[in-house]
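The values are calculated or read from the model by the stated rules, or taken from the named source; none is laboratory data. Only a predicted model underlies this, so the values are computations on that prediction, with no experimental measurement involved. FYI the Cβ positions are ideal-geometry reconstructions off the backbone, even for glycines, and counts take in every protein chain you see.
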Amino acid sequence: MMLYPSCRRNTVVPPAAAPANFARSASGTDIVFTWDAVANAATYRLQNSLNGTSGWASLASGIVGLTYTLVDGTIDPPAYYRVRAENAGGNGPWSSSIQYP
């Protein structure tokens, strides 16, 4: 009889929380987005939508860090933005959306 050592799977737990304190500021024509760190996050994804309820599109993914600058972010009409944490185990919930301008 052959005995095998216990096999363990390394399970990556998806981020459980949405990024808090999601905010934006303007610097000339650039829009700077910031948010708080989320436990177990590897990267972040930023989306935008014209109405804030549907038609969400990825603006940036694989963001490492807690800030993203949209260069020459002149928006007309106004748009809504949201961010979430991601890792190999899955995706966390979306933050509350914010509108700009």
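Couple of notes before you dig in:
- Looking only at the range 71-101, and only at residues there that are in contact (Cβ under 8 Å) with a residue 40 or more places away in the chain and in contact with a Leu (Cβ under 7 Å, 6 or more places away or on another chain), the one that is surrounded by the most Cβ atoms within 10 Å (Cβ to Cβ): 83
- Of the residues contained in the range 3-17, none is found to be part of a strand (DSSP E or B) and either touching a helix residue (DSSP H, G or I) at 6+ places or on another chain (Cβ under 6 Å) or at pLDDT 90 or above (or both).
- Qualifying residue in the range 34-53 (condition: at pLDDT 95 or above and charged (D, E, K, R)): yes
- Test: residue 63 is free of Cβ contacts under 8 Å to residues at least 24 places away in the same chain and over 15 Å from residue 17 (Cβ atoms): yes
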